[in-house]
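Readers should treat all values here as calculations from the given coordinates under stated rules, not as data from a laboratory. The shown structure was predicted, so the numbers you read here are calculated from the model rather than taken from an experiment. Cβ sites come from the backbone with ideal geometry, for glycine too, and all protein chains shown count toward neighbours.
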Amino acid sequence: MVVAAAIGGIVLLGSTTQRVAGIGFGLVASPMLMLLLGPLQGVVVANVFGLGTAVVAYLGVIKQVEYRRILPIAAAAVVAIVPGALLARSLAGPHLSILAGCLVLIALSISVAARRIRGLDRWPGLVAAGAAGGVMNVLAGVGGPAVTAYAIAARWEHKAFVTSMQGYLVIVCIASLVMRGELPSLTLPEWIVALAALGVGAVVGSYAAKRIDPRAGRIACITVATLGGVAVIVTGVIQLATA
């Protein structure tokens with residue numbers, strides 16, 4: 001039950017973050033899930049519940065999604081997921097932990113420095129952002145920051161972007177799960193707790209979104225994700241050193 005409670009807490013935090021900021025489930029939840037369940041199952045679980053969070057949000061904004069803008073990005077991501085999944089299957093646990101942790105930190109750096117990245121608002125930037133998002137999602141469960149960087153560079157109106165990102169996340173999470181060919185090996189109590197946490201997070205997040213300063217939420221998200229990414233890398237290094 002301790003593991004079930006931990007998974008529930010992580011999913012609750014990720015789901016709440018997603019509802020408050022529109023994105024961020026993977027960035028917050030994936031590093032902690034990798035620490036708890038290992039790099040393989042951690043990313044799979046992050047993708048499953050990231051998909052659930054995105055589907056709930058997508059169903060509420062399905063008519064507002066800007067498909068002409070988001071589908072080319074999603075297509076580039078899906079293509080890139082294929083080699084990313086093959087790489088994930090070929091890496092041992094510690095090596096995958098280190099790579100996934102590094103990708104989390106790279107994703108954070110991209111999201112923070114997005115305004116300084118030149119040329120990202122053009123078609124090559126769009127394709128690169130989509131491809132990077134796909135690889136990062138299948139390897140580390142963090143597919144959003146690269147696309148967020150493109151959106152900032154392209155001056156995509158924030159509300160329209162966040163709405164469209166729900167469709168992107170649905171597509172990318174499904175493609176990642178299919179290519180990984182794995183499902184979460186959770187016990188029934190863990191499934192029940194995690195699904196309940198997903199629902200509670202959606203409700204709490206909707207309430208909190210009206211009261212939390214977006215800047216404060218972003219800082220908290222970046223802090224949690226940074227600590228998680230570093231912890232995943234350290235865990236991988238320790239595993240290699242003691243192997």
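From the gyration tensor of the Cα coordinates in segment 3-48, what semi-axes in whole Å does the equivalent ellipsoid have, largest first, with each one equal to sqrt(5λ)?
In descending order the semi-axes read 17, 11, 7 Å.
Which one of Gly143, Phe161, Val178 is farthest out on the positive end of the charge dipole of segment 142-215, using unit charges on Cβ (Lys, Arg +1; Asp, Glu -1) and the Cα centre as origin?
Value: Phe161.
Please report Leu139, Leu195 as a ranked list, fewest other C-beta atoms within 10 angstrom at the top and most at the bottom.
Leu195, Leu139
Provide, for q = 0.13, 0.18 Å⁻¹, the log10 of I(q)/I(0) from a solvent-free Debye sum over equal Cα point scatterers in the chain.
Each listed q maps to, in turn, -0.71, -1.43.
Short version: what are the Cα gyration tensor semi-axes of segment 89-202, square root of 5 times each eigenvalue, largest first, in whole Å?
27, 19, 13
Run the quick spin-label model on Ile219 and Ser185: label points 7 Å from Cα toward the beta carbon, then report their separation in nm to one decimal.
Label at Ile219, label at Ser185, 4.2 nm between them.
Residues with amide H under 5 Å of Glu66's amide H, sequence separation 5 or more or different chain, H placed in the peptide plane at 1.01 Å from N; which?
Those lying under 5 Å, H to H, from Glu66 are Ser164.
Only counting other Cβ atoms within 10 Å, I'd like Glu190, Glu66 sorted with the fewest neighbours first.
So the ranking, lowest neighbour count to highest, is Glu66, Glu190.
Hey, rough spin-label estimate for Val178 and Val230, points 7 angstrom out along Cα→Cβ, what's it come to in nanometres?
Result for the modelled spin labels: 3.9 nm.
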